[in-house]
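The values are calculated or read from the model by the stated rules, or taken from the named source; none is laboratory data. Here the structure is a predicted model, which is why all the values come from computation and not from measurement. Here the Cβ positions follow ideal geometry from the backbone for every residue, glycine too, while neighbour counts run over all protein chains shown. These accessible areas exclude ligands, DNA and RNA; they are computed on the full protein's heavy atoms, side chains included. Shrake-Rupley method; radii C 1.70, N 1.55, O 1.52, S 1.80 Å.
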Amino acid sequence: MKRALITGVTGQDGLYLAELLLEKGYEVYGLVRGQNNPKIPMLRRILPDVHILTGDILDLSSLMRAFAASRPDEVYNLGAISYVAYSWENARLTTDVTGGGVLNILEATRLYRDSSGTEPRFYQASSSEMFGKVQETPQRESTLLWPRSPYGVAKVYGHYMTINYRESYDLHASSGILFNHESPRRGPEFVTRKVSTAVARIALGLQDSVALGNLDAKRDWGFAGDYVEAMWLMLQQDKADDYVISTGETHTIRELLDVAFGAVGIDDWSSRVKVDERFMRPAEVDLLIGDSSKAHEVLGWKPRVSFEELVTMMVESDLVEQKARIDGRNRDGH
Ligand code: NAP
Ligand code: F7E
């Protein structure tokens, strides 16, 4: 039985990846940070077979203890401060966690390898946000990086540090340059989930409109369940490498709104969306579209869920969640 250690197991991707690895028969260990983390009950309910270890990617000795307890064959570093807008307000913290945390876990992996005589394989969650002000379209592994946010800059550091550990220490360290991927488990702060929740609530008469920022930005959106499979495939290769993971399609926020409102029968959403300066960013990433032909050829990976299916799945899931809340409130007599 193979063993895997996942940081960021309470996040969107961590949950899908843990689920996938459990299905494949892995023994899965998840690193959970903080004292009395409120996401632990959710993790225990959804994935009771995950072994929970406490630790933080800012704390090297906690990582070394997690390695000793889990003795991993594969390490997936998904832990990060991942919300781009927040990264301007908390640039130092984002740099430390999203950038510096990668060095800590690479170092823990190397120290564990050298002391145990095993060859753990390492995955780093790099991001299309590193392309920022894009220098080439579509973006591929060789495209010059030009990050536009403290988050993007921190990811560039983690990306190059991963390559450096591969080249300096011969660590089996791979980096997935993943474009935006979403699901019903997406955090409510990200635009797809913000829209799917608002559309469900508007359809149920719980709110009138939603306030958004830049409606013209374009993103290459895929389904998180498809993308975690690519992470696993990268660690099954003899040679570690870097791969772009994307759908190869790009859509504006307006197109996202068309599909999301369309799913509840609203064709004209103009009166339902307010543009609000508060959600504009100091520097925007205007266009992302990835070329994942290397992943197709080497890993045999392809996305399965289309943009329309993804957005519809999210709206339908939020309709169920919002209705359950109404039923719960009615039962409680509110
Ligand atoms: P997410 O839902 O925001 O999850 C982030 C995870 O990191 C959470 O489990 C969080 O724990 C954990 N974390 C935060 N600070 C930590 C720390 N100091 N020590 C240990 N863990 C910490 O993000 P996601 O969407 O699943 O993304 C997973 C990874 O892929 C992230 O590194 C993200 O930057 C990267 N990525 C995401 C996308 C995307 O479109 N989703 C695209 C490219 C790259 P808590 O639950 O306790 O807060
Ligand atoms: O924004 C625009 C916003 O916050 C997408 C993270 O997973 O993917 C994600 O980063 C676009 C931007 O994701 C609102 O300006 C308009 O152009 O959903 P987002 P992101 O910034 O692309 C990358 C690949 C990661 O690695 C990150 O970890 O939508 N937008 N109005 C808005 N965005 C938000 N959040 N809220 C709005 O009201």
Residue among 82, 87, 70 that is of a type outside the set (Val, Ile, Thr), over 23 Å from residue 168 (Cβ atoms) and more than 14 Å from ligand 1 (Cβ to nearest atom): 70
The range 272-298 residues that are more than 8 Å from ligand 2 (Cβ to nearest atom), paired with ones that are at pLDDT below 95 and assigned to a helix (DSSP H, G or I) (beta carbon under 8 Å, 6 or more apart): none
Unique match (being among the hydroxyl-bearing types (Ser, Thr, Tyr), closer than 23 Å to residue 89 by Cβ and away from ligand 1 (no atom under 11 Å from the Cβ)) among 128, 149, 142: 149
Of all residues in the range 182-203 being more than 11 Å from ligand 2 (Cβ to nearest atom) and open to solvent by less than 20 Å² (accessible area, probe 1.4 Å), the one that is nearest to the chain's Cα centre (by Cα): 183
Selection from the range 41-82 of residues that are within 16 Å of ligand 2 (Cβ to nearest atom) and not hydrophobic (A, V, I, L, M, F, W, C): 76, 77, 79, 82
Residue satisfying condition, being farther than 30 Å from residue 28 by Cβ and hydroxyl-bearing (Ser, Thr, Tyr), within set 252, 247: 252
Any hit, the range 145-155, residues being open to solvent by 40 Å² or more (accessible area, probe 1.4 Å), more than 12 Å from ligand 2 (Cβ to nearest atom), part of a loop (DSSP other than H, G, I, E, B) and modelled with pLDDT of 95 or more: yes
Strands (runs of 3 or more DSSP E) (entirely within the range 1-59) containing at least 2 residues that are open to solvent by 30 Å² or more (accessible area, probe 1.4 Å): 51-54
Test: residue 139 is touching a Phe, Trp or Tyr at 6+ places or on another chain (Cβ under 7 Å) and within 12 Å of ligand 2 (Cβ to nearest atom): yes
Residue 265 at positive phi and either without any contact (Cβ under 8 Å) to a residue 60 or more places away in the chain or exposed (fewer than 15 other Cβ atoms within 10 Å of the Cβ) (or both): yes
All strands (runs of 3 or more DSSP E) inside the range 163-276 with 3 or more residues being within 16 Å of ligand 1 (Cβ to nearest atom): 172-178, 242-245
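Going through 175, 142 one at a time, which residue ends up being polar (S, T, N, Q), open to solvent by less than 60 Å² (accessible area, probe 1.4 Å), modelled with pLDDT of 95 or more and over 23 Å from residue 86 (Cα atoms)?
Going through 175, 142 in turn, just one is polar (S, T, N, Q), open to solvent by less than 60 Å² (accessible area, probe 1.4 Å), modelled with pLDDT of 95 or more and over 23 Å from residue 86 (Cα atoms): 175.
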Close pairs (7 angstrom Cβ cut-off, 6 or more residues apart or separate chains): without any contact (Cβ under 8 Å) to a residue 60 or more places away in the chain in the range 60-82, surrounded by 22 or more Cβ atoms within 10 Å (Cβ to Cβ) and part of a loop (DSSP other than H, G, I, E, B) anywhere: 62/55; 63/55; 63/57; 65/55
Residue pairs meeting the criteria (Cβ under 9 Å; at least 6 apart or on separate chains; first within 12 Å of residue 162 (Cβ to Cβ) and not assigned by TED's automatic domain parsing to the domain that holds residue 161, in the range 107-122; second open to solvent by 60 Å² or more (accessible area, probe 1.4 Å) and at pLDDT 95 or above): none
All positions within the range 77-106 that are aliphatic (A, V, I, L, M) and under 19 Å from residue 163 (Cα atoms): 78, 80, 97, 102, 103, 105, 106
Tally, over the range 299-334, of residues that are of a type in the set (A, V, I, L, M, F, W, C), in a helix (DSSP H, G or I) and touching a residue at least 12 places away in the same chain (Cβ under 8 Å): 9
Residue in the range 83-94 that is nearest to ligand 2 (Cβ to nearest atom), counting only those that are in a helix (DSSP H, G or I) and open to solvent by 60 Å² or more (accessible area, probe 1.4 Å): 86
